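Asks: Please find one structure pasted underneath; my questions will follow.
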């Protein structure tokens, strides 16, 4: 029994391993999704702080320049031609472009004007380049931002690229109110000094984030491909185990189906396990036949030698005849135990190596009923079959027949004359229920959990029981449970309401797709 457990556990183990790997793959995907979100939030927060510091530094510098220009602008007459290039050059630095714009006041009752004049630039602009500069500012939407800055007296900043896309610019806008006039100081920096922040655009648009995302996605894809490859190899393992269990792949090996180098050792171990179990199965069958022959030969010789002794003992010598009856009954019981042990060993070997093939249950039940027909007729017991047709399960040769025969014999042995044994076969979408119900005395509720124990019997020890003991060894229901569980099912027992006992075998249904 213990030898067959590794093989029976092989396919479920592979299924559990595949399910576990699937769960871990889902968790891995979840981590790959959650981790960048968490890291993105942390990095974005750090970038936001850096952006605020850089923006404040730019604004503070621009504000200081604006404060320094305020006295000059107070002395400037906006109605006269203006050229403030020399004043702006005092505050210009390498990589920084300063522009001073003037917005003429709107006439009374008219909406605010949106026209601006470029009155100063550092470095200076050629006269012919002023118009092109104003057009570019208009196209970039900067003039609209200038108008809003004058209206709300609020500073602003924006990030943009030149028309040719070669230089990225960062511009700070500072309004200067002097004597009711609005002046705008724009400080433009080449943004290469600030590319480590996302000033003027979403953080996810930064080059570093996009490069990191691409690397991360490649790593995640490789990890998922590796996990899927391992899962696919485990699925191949499971298919090989299924084919071996069903007897369709006698020569198939796990090594041949494996494509993952890391699982090569596991594949070799599984192959060794299969070959070892097949060797053990052959040895169990051979041992069962040898033991049965070794025991049956001397038992038959003893029984043959006992017959002349029984005839020679006088009928009036009751003590001697009783002793001979005990010897004969014990020999019959020994012979029954030898047969039961042989069936048990053969069943164990079948569970290890016999293929599971689709089997129609209705003909199997009808054949089992024909085999006990003479017994039920002699004991005047009715046998009723309630069978649904077209129901199949996967079973090895003899496993389910032995279980059903043991249940029928158990029900018949406990059934009084004039009662009925009912065999029912019903199916649902996924399972098959095969029930045997009798009208016997049932079993004490305190002992009902022990009926599947080896050598347990609740039969009364009376005169009639001496014959029964020769046929029943207390292994019947134990063998039933062993065989049914080996087929992936389960056995349930219960006392029937009023009188009687029922045994129900629940098996996975085989459905042809």
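The values are calculated or read from the model by the stated rules, or taken from the named source; none is laboratory data. Source: prediction; values computed, not measured. Using ideal geometry, Cβ is built from the backbone for each residue, glycine included, and neighbour counts are taken over all protein chains shown.
Asks: For the range 341-363, what are the residues that are in contact (Cβ under 8 Å) with a residue 40 or more places away in the chain, assigned to a helix (DSSP H, G or I) and surrounded by fewer than 17 Cβ atoms within 10 Å (Cβ to Cβ)?
Replies: If the condition is that a residue be in contact (Cβ under 8 Å) with a residue 40 or more places away in the chain, assigned to a helix (DSSP H, G or I) and surrounded by fewer than 17 Cβ atoms within 10 Å (Cβ to Cβ), then 341, 362 are the ones that fit.
Asks: Can you say whether residue 328 is part of a helix (DSSP H, G or I) and modelled with pLDDT of 85 or more, as far as the supplied structure shows?
Replies: Yes: the conditions hold for residue 328.
Asks: Of everything in the range 485-497, what is part of a loop (DSSP other than H, G, I, E, B) and surrounded by 20 or more Cβ atoms within 10 Å (Cβ to Cβ)? Give them in sequence order.
Replies: Answer for the range 485-497, where residues must be part of a loop (DSSP other than H, G, I, E, B) and surrounded by 20 or more Cβ atoms within 10 Å (Cβ to Cβ): 487, 489.
Asks: If you don't mind, another one. Just one of the numbered conditions (1) touching a helix residue (DSSP H, G or I) at 6+ places or on another chain (Cβ under 9 Å); (2) farther than 19 Å from residue 240 by Cα; (3) part of a helix (DSSP H, G or I); (4) without any contact (Cβ under 8 Å) to a residue 12 or more places away in the chain is not true of residue 269; which one?
Replies: For residue 269, the failing item is (2).
Asks: Within the range 265-273, does at least one residue satisfy the condition of being surrounded by 15 or more Cβ atoms within 10 Å (Cβ to Cβ) and within 26 Å of residue 409 (Cα to Cα)?
Replies: no
Asks: Kindly check whether there is at least one residue in the range 475-484 that is within 16 Å of residue 405 (Cα to Cα), at pLDDT below 80 and in a helix (DSSP H, G or I).
Replies: There is at least one residue in the range 475-484 that is within 16 Å of residue 405 (Cα to Cα), at pLDDT below 80 and in a helix (DSSP H, G or I).
Asks: Going residue by residue through the range 124-143, is there one that turns out to be touching a residue at least 24 places away in the same chain (Cβ under 8 Å), touching a strand residue (DSSP E or B) at 6+ places or on another chain (Cβ under 6 Å), surrounded by 11 or more Cβ atoms within 10 Å (Cβ to Cβ) and under 22 Å from residue 177 (Cβ atoms)?
Replies: no
Asks: A follow-up question, please. Name the single residue, out of those in the range 310-320 being surrounded by 12 or more Cβ atoms within 10 Å (Cβ to Cβ) and at pLDDT below 85, that is nearest to the chain's Cα centre (by Cα).
Replies: Looking at residues that are surrounded by 12 or more Cβ atoms within 10 Å (Cβ to Cβ) and at pLDDT below 85, I get 310.
Asks: Test of understanding: among 9, 68, which residue is more than 30 Å from residue 285 (Cα to Cα) and either more than 49 Å from the chain's Cα centre (by Cα) or at pLDDT below 75 (or both)?
Replies: 68
Asks: Continuing with this model, one more query. Among (1) in a strand (DSSP E or B); (2) over 27 Å from residue 442 (Cα atoms), which single condition is residue 383 missing?
Replies: If we test residue 383 against (1) in a strand (DSSP E or B); (2) over 27 Å from residue 442 (Cα atoms), just (2) comes out false.
Asks: Given the conditions (1) modelled with pLDDT of 80 or more; (2) outside any strand (DSSP E or B); (3) at negative phi, report the number of the one that residue 442 does not fulfil.
Replies: (3)
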